[in-house]
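Presented below is the structure to which this report refers.
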Amino acid sequence: MRTSWQSELEAAIRSDMPLTEVVSLLREYKNEGIKREQAYAFLEGLRANVSEEALEDRILEVADFVAGFCSPHMKVWTP
């Protein structure tokens, strides 16, 4: 069952929302208690169900922010 944060994150990824705003959403989810593993697992599942290359690339970009493979100011969860 999909939760509201998952639906909201998917909508943000599918939209033209700037990545800085997507990172802000991720930070909100973190503050609400969502764990890095939960967010990353959701993104992996989402990626597995898309066929559009541009959408897959955007999911991978967001996954990098979740994993911490990005500039320090864009990191959401710290190890």
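The values are calculated or read from the model by the stated rules, or taken from the named source; none is laboratory data. Bear in mind the structure is a predicted one, so any value in this text is a computation, not a measurement. Glycine also receives a Cβ, built like all others from the backbone with ideal geometry; neighbour counts cover every protein chain displayed. Note: areas computed on protein heavy atoms with side chains; ligands, DNA, RNA excluded. Shrake-Rupley method; radii C 1.70, N 1.55, O 1.52, S 1.80 Å.
Rolling a 1.4 Å probe over the protein heavy atoms of the chain, with every protein chain left in place, gives an accessible area that is 50 percent carbon and sulfur. Sorting 14-22, 37-45 by average packing, meaning the other beta carbons within 10 Å per residue, from highest down gives 37-45, 14-22. 3J(HN,Hα) along the range 25-40: 4, 4, 5, 4, 4, 4, 5, 7, x, 6, 8, 3, 4, 5, 5, 5 Hz, from the Karplus curve 6.51 cos²θ - 1.76 cosθ + 1.60 with θ = phi - 60°, whole Hz, x for Gly and Pro.
Calculated mean residue ellipticity, 222 nm, the chain: -21000 deg cm²/dmol, from DSSP H runs (n ≥ 4) at -39500 (n - 2.57) each, averaged per residue and rounded to 500. The residues neighbouring residue 19, those whose beta-carbon lies less than 14 Å from its own, together hold a net charge of -1 under the Lys/Arg +1, Asp/Glu -1 convention.
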